[in-house]
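Data first, discussion second: the structure below is written as structure tokens.
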Amino acid sequence: MKTSRRAALAFAAASLLAATVAQADTWPSRPIRLVVPFPAGGGTDIIARELTNKLTSYGYNFVVDNKPGSGGNLGVDAAAKAAPDGYTLVLGQTSNLAINPTLYAKLPYDPVKDLTPISLVATSPLVIVAGTATPYKTLDDLVKAAKAKPDSINFASSGNGTVSHLAMESFQKAAGIKLTHIPYKGAAQGITDVISGQVQLYVSSVPTLQAHIKSGKMHPLAITSLQRAADLPQVPTVAESGYKGFEAITWFGIAGPAGLPKDIVAKLNTDINKALQDTALKQKLSGQGADVQGSSAADFAKLIRDDIPRWGKLVKDSGAKVD
């Protein structure tokens, strides 16, 4: 009886292993859903679509699913709760993977425990812009006006607790000014309102705002990286504008639900990093103000773990809150 039971267990284990190997060998056999936790047209969406377009040449078929809301939490949560079969992924970013664990008292997912990091994709500085109807041509213009009339100037962001929101909270503290924050559910409506003059300032990633800057619909005041952006060389950094050491950069990376098979993670990581080395894709992302990165899955996991306490301190120090 014992021998028969051992044989049955061995057969079951072998069958499971064979099924797993077969699944990995045939994956992907249908379209992969890539969740973008923000509306179409924003920086995250642009990066997602450019990357997935390139990956189609490697035999993938992606469906980009924009699922905005709650500072990106709804989209990440949907991916975290999906089956770990490689058919649902998410393009996460600093906001929803590193900031929100501190910002939200009851986050519906744990970015360390509930996700499988696959690869870092890109980084991007933020850019502070003013509507063309405003008199602000430099960061100093803005600071002087804000000090003269506290709370009289408003700025828009893509949501409470996002990198753009916290970056401006940090800048207000550094400059000794007080602005009024107007959060939006993503970039599109905020951009429209700045261009129309309903909102005075906007801060977001370079990919989100670069086209509007180049068309003259928005006036850039400063970049939040320590070095000037290659595609906006005329725009000074916040640091060189009198706020030494000021830096706020957002990153973007692909992840899936916890428990993704290692073979699928390895294949995705290899193909994503290969795609990111493509000259045409690099030029497209660079043209949008994003710095192409790529990484191992382990290095991306470490970035998330390290950035949670770093941004968490900024959340606490700034006093930023969600509604």
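What follows is calculated from the coordinates using simple rules that are stated; it is not laboratory data. The model shown is predicted, which means the values in this text are computed figures rather than measured ones. As a convention, Cβ positions derive from the backbone with ideal geometry for all residues, glycine included, and neighbour counts pool all protein chains shown.
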Among the trypsin sites (Lys or Arg not before Pro) in the stretch 211-310, which ones are in a DSSP loop with at most 14 other Cβ atoms within 10 Å of the Cβ? Mind listing them?
Lys244
Under a point-charge model restricted to the Cβ atoms of Lys and Arg (+1) and Asp and Glu (-1), what is the dipole moment magnitude of the stretch 262-323 relative to its Cα centre, in debye to the nearest 20?
100 debye
Give me the net charge of Phe246's neighbourhood, meaning all other residues with Cβ under 13 Å from the Cβ of Phe246; Lys, Arg count +1, Asp, Glu -1.
-1
What is the Cα centroid distance between the stretch 226-241 and the stretch 58-136, reported in whole angstrom?
26 Å
FRET efficiency for Ala266 and Ala145 from the Cβ-Cβ distance with R0 = 56 Å, rounded to 0.05, comes out at 0.55
Please provide three numbers in whole Å: the alpha-carbon extents of the chain along the principal axes, with the largest listed first.
88, 41, 31
Sequence gap at least 6, Cα distance under 8 Å: using those rules, report the relative contact order of the chain to the nearest whole percent.
27 percent
Nearby aspartates and glutamates by direct alpha-carbon distance to Lys316 (threshold 15 angstrom, same-chain neighbours under 8 apart not counted)
Glu169, Asp307
Pseudo-spin-label distance Thr279 to Lys106, built 7 Å along Cα→Cβ, given in nm, is 5.4 nm
Once you put a point 7 Å from the Cα of Ala230 and another 7 Å from the Cα of Ala298, both along the Cβ direction, what distance in nm separates them?
2.9 nm
Rounded to the nearest 0.05, what FRET efficiency do Lys137 and Lys316 have when you use their Cβ-Cβ distance and R0 = 41 Å?
0.75
Protection-proxy order for peptides 313-321, 68-76, each taking the mean of Cβ atoms within 10 Å per residue, highest first:
68-76, 313-321
Any chance you could count the Lys pairs in the stretch 133-271 whose alpha carbons are under 14 Å apart, treating pairs 8 or more apart or on different chains as valid?
6
If you place +1 on the Cβ of every Lys and Arg and -1 on the Cβ of every Asp and Glu, how big does the dipole about the Cα centre of the chain come out, in debye to the nearest 20?
480 debye
Starting from the coordinates of the alpha-carbon atoms of the stretch 220-323, obtain the Kirkwood hydrodynamic radius over all distinct pairs and give the value in Å to one decimal.
16.5 Å
Net charge dipole size for the stretch 140-279 [Lys, Arg +1 and Asp, Glu -1 on Cβ; Debye, nearest 20]
180 debye
Report relative contact order for the stretch 185-323 in percent, whole number only (criteria: Cα-Cα under 8 Å, sequence separation at least 6).
19 percent
As I understand it, the dipole of the chain uses +1 on the Cβ of Lys and Arg and -1 on the Cβ of Asp and Glu, about the Cα centre. Which of Gly259, Ala211, Val121 lies farthest toward its positive end?
Gly259
